[in-house]
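Q: Submitted below is the structure of interest, expressed as structure tokens.
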């Protein structure tokens, strides 16, 4: 198993006719992901072609789901329209909406998240690298890659990875793969202050997933999502967890690239989070180069 | 995006929030005319306009104390204004270099009401995002005019928080909750309910990141007045508020950060000697961390985004080299999708174009990395290759020397 998505997950791409969405739809097709539909309002009936694949484009998410059985959407829609794209997925009762878009107004996300309450659809992101469940082929080909992560750095295996950041996730994944350890699923939850899925949500799923044996939890300064996850891990998690917190050298009050990465209080500094990780039995990586090794100190595969 | 106090108050006034009457000035020649517009019977306030807090307790580099001054007479107001405008104010939030005061705000001094214990009758009111619930939250306290963090630490029971459901917006009972919590009665209670309602509408309609009124004041005449106001906006939403964008004061921003943003770079200057150039915000933060871990001190945060094109790397090198404290550069690129060889060619071209002669350590990882490393090695540049983040950080610290 894996979490959230697997090799057979049927994916649609909102914004497939844009540069960004199109480029990554092609990379997902190359990786062997089941990209079955594109959605661009006004371009229904066109076809997205790549290397022998013919992906039909629809005007609406509901139509794309009805015609192709797509269950998950990858959202590459520009920021002013992205919250609307998310809500269209909710209305169509998709399982999962994965919003890659960076720069969505906070107010739009506050309203969208409220409108999602009690609905079937789960949101990952926004401002995230997406999800990868590696495949079993060469360089993990045949997996489900939704978003912008490089597929080939992965390897199918037993470590779950959850992080806000893209390249820092790739760093952790690459360390694991280079040491011969694969991943069950890698989830980038995004760097925005209002997001759909928290560290804790993903940790709970990894805890229940029989294929996942160990977890890497990557966090950063700002907010208390990592602390919430750590306290839950201490009480409930049956699997070894290694953690890393980025931003030890970040000055207070300055936003470090991610909209959510700003130190506002005493509890959301890197030092405070690292201390709480340690108190909760999470093996803390001393440097970002130490993430896989930290996990291997507490997990004997 | 931040704005000045005088701009914030003008916006709040548009939404019906009562503020002391005031006039902003940018040149000494405007002082007399500005003061003539105000009723100085109760005296004037002269307030330095910079994007940093702690102005009242700040000190100018010319020795003058206080960036916010009560002035009983017009002559005193002129004297204070002349000591402030054009000079550099250092506060707890500006850093040691301080901030040049390029605008002043003259206001009529409010007639402060007193509490039975003799203290000024001051309150705190703010609206911001509560990250834990993803909803706007109103924060109110009977303790105004002081740091709210201090109140939260010492007397948390004096802070009230009211979450607003974005599906229906602020409800009247919630505005009443705030007014009750602040202990208002009669006419002041009604004024407070109206104020909270208007402030919330402002926060929501203008896509604010935060609105903070501290202190909110009761005058001797029984009026609620926003004595100081701090407003910041969600950068992501500026596209729908051209009126807000027009208030941006570039003089309050680091010119290097402005230059960086033109190339899609996110740059923040720090005070160390090892510059870094990284793709991705999380990796960029951790690169700063690992430099410090091995005994160096990062000179900046610099995220080139997902790409790292030759143009971006060149622009980044130029910005980095504009910082005289920089003694060496660490480039850390995880080229997931991009071809590392193309990134390497960009680094080489940028180093040549900028005539880079500082120690340079490059750590490349990812797609086609062997070709990228070969390109770097064949370039003839004096650069050092790092195999991992740790290896690269150790090498640049060794080349530059420990902080």
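Only the coordinates and a few stated rules stand behind these numbers; no lab work does. In this text, all values refer to a predicted model and were calculated from it rather than measured experimentally. Note that each Cβ is placed from the backbone with ideal geometry, even for glycine, and that neighbours are counted across all protein chains shown.
Q: Taking 0.36 nm per residue of separation and subtracting the Cα-Cα distance, what length does fully extending residue B:311 through residue B:221 add?
A: The span from residue B:311 to residue B:221 would gain 26.2 nm if fully extended.
Q: If you average the sequence gap of Cα pairs under 8 Å that are 6 or more apart and divide by the length of chain B, what percent do you get for the contact order?
A: Relative contact order for chain B comes out at 12 percent.
Q: Extension gain residue A:138-residue A:93, at 0.36 nm per residue separation less the Cα-Cα distance, in nm?
A: 12.8 nm
Q: Further question: I'd like the orientation of helix B:186-205 relative to chain B: the angle between its Cα long axis and the longest Cα principal axis, in ° from 0 to 90, rounded to 10.
A: Rounded to the nearest ten degrees, it is 30.
Q: Moving to a separate point now. Compute the normalised compactness of the stretch A:96-178: alpha-carbon radius of gyration over 2.2 N^0.38 Å, N being the residue count.
A: 1.24
Q: How shielded is A:278-288 by partner chains, expressed as the average number of their Cβ atoms within 10 Å of its Cβ atoms?
A: 3
Q: So if I average 1/r over every pair of distinct C-alpha atoms in the protein assembly as shown and take the inverse, what Kirkwood radius in Å does that give?
A: Hydrodynamic radius (Kirkwood, Cα only) of the protein assembly as shown equals 27.2 Å.
Q: Taking beta carbons within 10 Å but only from partner chains, what does the mean come to for residues B:127-138?
A: Per-residue shielding by partner chains comes out at 4.
Q: Let's test the formula: R0 of 60 Å, r as the Cβ-Cβ distance of residue B:117 and residue A:115. What FRET efficiency results, to the nearest 0.05?
A: 0.80
Q: Further question on the same structure: Among A:172, A:242, A:51, which one moves the most in a GNM of chain A with springs linking Cα atoms closer than 10 Å?
A: Residue with maximal mean-square fluctuation among A:172, A:242, A:51: A:51.
Q: Once each part is reduced to its C-alpha centroid, what is the distance from the stretch A:74-111 to the stretch B:355-381 in angstrom?
A: Using only Cα atoms to place each centre, the spacing works out to 39 Å.
Q: For the stretch B:192-336, what is the convex hull (Cα atoms) projected area averaged across all directions, in square nanometres?
A: If you wrap the Cα atoms of the stretch B:192-336 in a convex hull and average its projections, you get 12.5 nm².
Q: Same structure again: Let me check against my output: what whole-number percent is the relative contact order of chain A, with C-alpha pairs under 8 Å and at least 6 apart?
A: 14
Q: Counting only DSSP beta bridges with both residues in chain B, what percent are antiparallel, rounded to the nearest 5?
A: In chain B, DSSP labels about 75 percent of beta bridges as antiparallel.
Q: Starting from the Cα coordinates of chain A, work out the convex hull volume and express it per residue in Å³.
A: About 119 Å³ per residue, rounded to a whole number.
Q: Nearest 5 is fine: what % of DSSP beta bridges in the stretch A:57-203 come out antiparallel, could you say?
A: Beta bridges within the stretch A:57-203, antiparallel portion: roughly 35 percent.
Q: For the residue pair residue A:66 and residue B:387, what label-to-label distance in nm results when each label sits 7 Å from Cα along the Cα-to-beta-carbon direction?
A: It is 5.9 nm.
Q: Say each of residue B:88 and residue A:267 gets a label point 7 Å from the Cα, pointing the same way as Cα to Cβ; how far apart are those two points in nm?
A: In this crude spin-label approximation the distance works out to 3.9 nm.
Q: While we're on this one: One-quarter of the Cα convex hull surface for the stretch B:255-400, in nm²?
A: 7.1
Q: Further question: The stretch A:10-124: percent of C-alpha pairs farther apart than 24 Å?
A: The calculated P(r) of the stretch A:10-124 puts 18 percent of pairs beyond 24 Å.
Q: For the stretch B:269-325, what class follows from the C-alpha gyration tensor (a ≥ b ≥ c being the square roots of its eigenvalues): rounded when a/c is under 1.5, otherwise prolate if a/b is larger than b/c, else oblate?
A: oblate
Q: Can you give the average number of partner chain beta-carbon atoms within 10 Å of each beta-carbon in peptide A:106-115, as a whole number?
A: That works out to 6 on average.
Q: Sticking with this one: Report, please, the projected area of chain B averaged over directions, based on the convex hull of its C-alpha atoms, in nm².
A: So the mean shadow area of the Cα hull is 23.2 nm².
Q: Also, I was wondering about something else. On a C-alpha basis, how far is the centre of the stretch A:128-186 from the centre of the stretch B:216-257 in Å? Whole number, if you could?
A: The two parts, judged by their Cα centres, are 43 Å apart.
Q: What is the spin-label model distance, in nm, from residue B:150 to residue B:205 if the labels are put 7 Å beyond Cα along the C-beta direction?
A: About 3.5 nm, to one decimal.
Q: Hey, how many Å between the Cα centroid of the stretch B:144-209 and the Cα centroid of the stretch B:287-302?
A: 41
Q: Another question, then. Order of B:9, B:318 from fewest to most other C-beta atoms within 10 Å?
A: Ascending Cβ contact count within 10 Å gives the list B:318, B:9.
Q: Could you state the angle between the C-alpha long axis of helix B:389-400 and the longest principal axis of the C-alpha atoms of chain B, as a value from 0 to 90 degrees rounded to the nearest 10?
A: 90
Q: Placing one identical point scatterer on every Cα of the stretch B:122-245 and ignoring solvent, what is log10 I(q)/I(0) from the Debye formula at q = 0.09, 0.12, 0.15, 0.22 Å⁻¹?
A: -0.24, -0.43, -0.68, -1.37
Q: If packing is taken as the average number of other Cβ atoms within 10 Å across a peptide's residues, how do A:87-94, B:212-219 rank, most packed first?
A: Per-residue Cβ counts within 10 Å, averaged per peptide and sorted highest first, yield B:212-219, A:87-94.
Q: By per-residue mean of other Cβ atoms within 10 Å, what is the highest-first order of A:63-73, B:157-167?
A: A:63-73, B:157-167
Q: Treating the stretch B:21-108 as a set of equal point scatterers at the Cα positions, no solvent, please give the Debye-formula log₁₀ I(q)/I(0) at q = 0.22 Å⁻¹.
A: Ignoring solvent entirely, the Cα scatterers give -0.96.
Q: Between residue A:49 and residue B:15, what is the FRET efficiency for a Förster distance of 56 Å, r being their Cβ-Cβ separation, to the nearest 0.05?
A: Efficiency, rounded to the nearest 0.05: 0.60.
Q: Related question: Send over the Kirkwood Rh of the stretch B:233-311, from the inverse of the averaged 1/r over different Cα pairs, rounded to one decimal Å.
A: Hydrodynamic radius (Kirkwood, Cα pairs) of the stretch B:233-311 is 14.1 Å.
Q: What residues of the stretch B:245-266 lie in the reach of a label at residue B:100, counting those whose backbone N is under 13 Å from a point 7 Å from the Cα along Cα→Cβ?
A: Within reach of a label on residue B:100, which here means backbone N under 13 Å from a point 7 Å along Cα→Cβ, the stretch B:245-266 contributes B:250-255.
Q: Expected output is a single nm value to one decimal: the length gained when fully extending between residue B:62 and residue B:246, i.e. 0.36 nm times separation in residues minus the C-alpha distance. What is it?
A: Gain on stretching residue B:62 to residue B:246: 63.1 nm.
Q: A further question on this structure: Starting from one equal scatterer on each C-alpha and no solvent at all, send me the Debye-based log10 I(q)/I(0) for the stretch A:167-264 at q = 0.10, 0.15, 0.25 Å⁻¹, two decimals.
A: With no solvent term, the Cα-only Debye profile gives -0.28, -0.63, -1.44.
Q: Which value at 222 nm does chain B reach when only helices count, each DSSP H run of 4 or more adding -39,500 (n - 2.57), with the total divided by all residues and rounded to the nearest 500 deg cm²/dmol?
A: The helix-only estimate for chain B comes to -10000 deg cm²/dmol at 222 nm.
Q: Report, to the nearest 10°, how far helix B:310-321 tilts away from the longest principal axis of the Cα atoms in chain B, using its own Cα long axis and a range of 0 to 90°.
A: Once rounded, the angle reads 70 degrees.
Q: Now for a different question. For n ≥ 4 DSSP H runs only, could you compute -39500 (n - 2.57) per run for chain A, divide by its residues and tell me the 222 nm figure to the nearest 500?
A: So the calculated ellipticity at 222 nm is -10000 deg cm²/dmol.
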